[in-house]
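The structure appears right after this line, and notes come after that.
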Amino acid sequence: MAPGIGFAVAAALVWGVYLFVLKRSFDGFPATVLIVYANGFALVWYTPVLLASVGVDGTRTAIAGLDSSQLALLVLTAVMTAAAVVSFIRALDVGEVSYVAPISKIVPVFVLPIEVLLLQQVLQPLQIAGVVVATVAVYVANFRGGSLAAPIRRAATSRAAQLAVLSAACFAVGDVAKRVALQELAIPSALWVPLLLGCVLVIVLPIAIRSHPETVRDDLPKLVALGAIVALGEYLTTLAFAVIPASIASPIVNTQAIVAVLLGGVLLDEQYFGTRLVAALLAIIGVTMIAL
């Protein structure tokens, strides 16, 4: 197994659970408020790891040593990640997790063209076919029988589908920026996690303040647990992107869709589970072809 593949697989499992927990425990919770609390608690969970690996002085020195290019990539990644997470949470608010997940996790369909255009990644015939298969997965996720054109019309008019696709596109830009920041610009992995989490928190905080509910006291235990999932998922994802191309890491990490679909269909008894399971499997096959 190539270095980084194991980290990407582990990240996919963690993020799959995260997707399910969002729908199961935070349905209707303001997206920006959820991000602030989740990232804030994730930073608390991750701080011991940072101090153990880098130390206080090392952290201070590393942050002070960041140049303009590194800071620009960090901000770009944070903005795209914030937009992607907000879009995804809002998609979950209006759609079922087994419907939203296969659509939102076609991130590699966007990642590969970006790497081809900007980083001179070579596009192989099998990878082109993978893009086609992953796109078909979106069609299948929208199929309810009847006219073959109906899924296309549904995806075009469904608010959940539109938000899910927007989330995938934003995540793709963030993934490529993350790869460049960690590999070409060599930002330390241990430092990247808290910097990204913190920047995303700061970006959405002004909006979150305006939409903050009266109290979140009853939800605090769940938010603390969600923060732990976010910290672990982001750490594993960072380790993967630090050593393998985004066009390889992103397809593997985004197999989290299959985990979310299984949990949503089995535990939440969502409708059209069989069709959406096929869609998720097609998405996994497509992104695997892209990664080969």
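Side notes on the structure shown:
- Checking Val173, Val200, Val193 one by one, the residue that is surrounded by 22 or more Cβ atoms within 10 Å (Cβ to Cβ), at negative phi, assigned to a helix (DSSP H, G or I) and at pLDDT 90 or above is Val200 and no other.
- Filtering Ala225, Ala190, Ala257 for residues that are under 21 Å from the mean Cα position of the chain (by Cα) and within 30 Å of Ala64 (Cα to Cα) leaves a single hit, Ala190.
- Selection within the stretch 90-112 - buried (at least 24 other Cβ atoms within 10 Å of the Cβ) and over 18 Å from Ala177 (Cβ atoms): Ala91, Leu92, Val97, Ser98, Tyr99, Val100, Ala101, Pro102, Ile103, Ser104, Lys105, Ile106
- Residue check, Thr61 surrounded by fewer than 15 Cβ atoms within 10 Å (Cβ to Cβ), of a type outside the set (A, V, I, L, M), at pLDDT 80 or above and farther than 19 Å from Arg24 by Cα: yes
- Residue among Pro102, Pro113 that alone is part of a helix (DSSP H, G or I), within 17 Å of the chain's Cα centre (by Cα) and over 19 Å from Val230 (Cα atoms): Pro102
The values are calculated or read from the model by the stated rules, or taken from the named source; none is laboratory data. From a predicted model like this one, the values you see are computed outputs, not experimental measurements. Positions of Cβ are backbone-derived with ideal geometry, glycine not excepted, and every protein chain shown enters the neighbour counts.
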